[in-house]
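Here's the structure, in structure tokens; my notes come after.
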Amino acid sequence: MPLINTETINEIRRNVDIVDVISGYLPLTQKGKNFFGVCPFHDDTNPSMSVSREKQIYTCFSCGATGNVFRFVMDYENISFLEAVKIVADHAGIDIQIDTRMSKSSTTHLKPLYDMYELSQKLYQNNINTSQGIEARAYLKKRSIDEEIIKEFGIGLALHQRDILTKLFTSKKYSYEDMVKSGLILKNDYGYLDMYQDRIMFPLWDIKGQIVGYSGRLYKTEGNFKYINTRETEIFKKGELLYNYHRAKDEARRQNTVLIMEGFMDVIRAYTIGVKNVVATMGTAVTKEHIILLKRMAKNILLVFDGDAAGAKATYACANELLKVGITPKIVRLEEDLDPDDYIRKYGKERFISKIEHPINVMDFKISYLKQQRDLTSNEDMAKYIQDVLQELLAINDDVLMELTIKKMSEESKLSEEFLRRKLEEMTEKKQQQDIKEVKNIDSNHKKSEQLSNKYTQAEQNLVYYMLKSPEVIKMYDRKMTYMPTEKYRLLARDISYFYKQYHLINEADFITFLGGNKQKQATLGEILSLPLKEEYTLDEIEDYIRAIRQYNVRYEQQRLKREMQKITDPIEKAKIAQRIIELKVKGE
């Protein structure tokens, strides 16, 4: 729980405007009394997140994300509740003292894993600064990595000893099970041993800045496994992290630009020349989680992958994933098949800065990429090439870029612009027909799903919705409602009732804070607040909801008693149950 009281937290919330805070993270457009923006919590391409100045809450009508200003900052920044409170308090000009270090604790069963990584980091950093680290430091210096960068990126050294880390963990009373879970310790037929030996250690962080893995590099010899990365664990999942995110996010937001590279050494090298708005995918394909993180960092995205054929292929794949969610990246291609690390070391800061200041547009890159392995003097290859480029244009929302590409293709193919536009229109129409067909299928499935949602469930949802709006409805619930059949609505209704009894008011924004970190209840609340219901209600409507729920309870009890009666052979007991069923029937009518 927070280290400051609820009254102070609510005071902080009331002294800020959620619209002002959220608009500092992403653009909002006013429509009526609410503000709308692209939801940063899912792959949103159309503004589906509504922000209410009146209620001081936000709700996404697509993914159901809901919360107050604290919840938004928590989820957007990937930080704890207390850290979010501190940020909002600073925004409001309220001075509060919070030890945010206390808020970074992970779930109990994962804490030993984080602690072991913190301990290992201290050991590795100590090693590289001793006489045993002289050769490793010399290697790094040769790679133009100085003492400042070593310290900044926590670079360390695993010594040529089989179980030094194992012994350290054992002395700290960590279990062997947790040691192996961490990925730092291996078990073989002879016992337990360190995963990393005689390697320079590069820490890998999660998006909160906690060490969750390593990449260990050979430095005395060259072998087949120059780098060994930590295997995926409960805390280290490549598809959910971007290397250097915790450092780069603020600089990326200031510049409204983020550079994506493939490897962590590329990022470190960029840092040495002052380019700090940079992250790396660590060689993995770009995932949905990556894209959500990138959208939170900046509007402008530059892909600066390796200059070889594999880097071109990765650039093409990454660009397509970004285009799917409405992001049009720019591309930087490096000559001589060099990666950013080698390019900067060979050509220097100024030339690299010039490259990122003059990126190419995504269609110019794709045109160049699609030309590979094609003989454009062949009519057949030229026809396939034109078809591919037009197909790529279907994913582009930039009209200017589209026109420039058509002109370029016309000059190259000697086909008229009118012909190319007509072909593009035909392809667009075909795609739209396919999309309409898919939407109809979705609508059909949705209607079937709606039919499964009976009037009793809707009554529960509607009752909870209006409990959030009015103390009058809460009082009716307390007087007349004995039991809600659906557990998630039952638990939320009880919390609303309890909140009202405690504070003698109902306020959606403060109630969200009251729910704390209970993700299930927060999700149910989001579902309820997303319902397309009017703000006003009549007492007759509330009575109808309560009556429907009670009717469901009666019918459920009738069915239960019928099943029980089938199991009983005593005629007297059967008669008693039959009488009870009749009474319930009368009650339910």
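Read the figures in this text as sums done on the coordinates, not as results from a lab. Since the structure is predicted, the reported quantities are computational estimates derived from the model, not experimental observations. Glycine gets a Cβ as well: all are built from the backbone with ideal geometry, and neighbour counts include every protein chain shown.
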(message) How tilted is helix 379-393 with respect to the longest principal axis of the chain? Cα atoms for both, answer in degrees (0 to 90, nearest 10).
(response) 50 degrees
(request) Any chance you could run the full-extension gain for residue 54 through residue 131? It's 0.36 nm times the residue separation minus the Cα-Cα distance, nm to one decimal. (result) 21.3 nm
(message) Give the lysines reachable from residue 501 as a straight Cα distance under 17 Å; neighbours fewer than 8 places away on the same chain don't count.
(response) 469, 475, 480
(message) So for the chain, averaging the separation of alpha carbon pairs under 8 Å that are six or more residues apart and normalising by length, what relative contact order in percent results?
(response) 10 percent
(request) With a point put 7 Å past each Cα toward its Cβ, work out how far residue 289 is from residue 177 in nm, to one decimal. (result) 2.4 nm
(message) Tell me the mean residue ellipticity at 222 nm calculated for the chain from its helices only (DSSP H runs of n ≥ 4, each -39500 (n - 2.57), averaged over every residue, nearest 500).
(response) -17500 deg cm²/dmol
(message) How tilted is helix 288-297 with respect to the longest principal axis of the chain? Cα atoms for both, answer in degrees (0 to 90, nearest 10).
(response) 80 degrees
(message) Rounded to the nearest 20 debye, what is the charge dipole size of region 247-321 about its Cα centre when +1 sits on each Lys and Arg Cβ and -1 on each Asp and Glu Cβ?
(response) 420 debye
(request) Could you list 58, 271 in order of exposure, starting from the residue whose Cβ has the fewest other Cβ atoms within 10 Å? (result) 271, 58
(message) Could you give the length gained by full extension between residue 416 and residue 579, i.e. 0.36 nm per residue of separation minus their alpha carbon distance, to one decimal place?
(response) 50.0 nm
(request) Please sort 236-244, 371-379 by packing, taking for each peptide the average over its residues of neighbouring beta carbons within 10 angstrom, highest first. (result) 236-244, 371-379
(request) On a 0 to 90° scale, report how tilted helix 309-324 is relative to the longest principal axis of the chain, with both axes built from alpha carbons and the result rounded to the nearest 10. (result) 30 degrees
(request) Can you tell me the order of 166-174, 152-160, 18-26, 298-306 when each peptide is scored by its average per-residue count of other Cβ atoms within 10 angstrom, highest first? (result) 298-306, 152-160, 18-26, 166-174
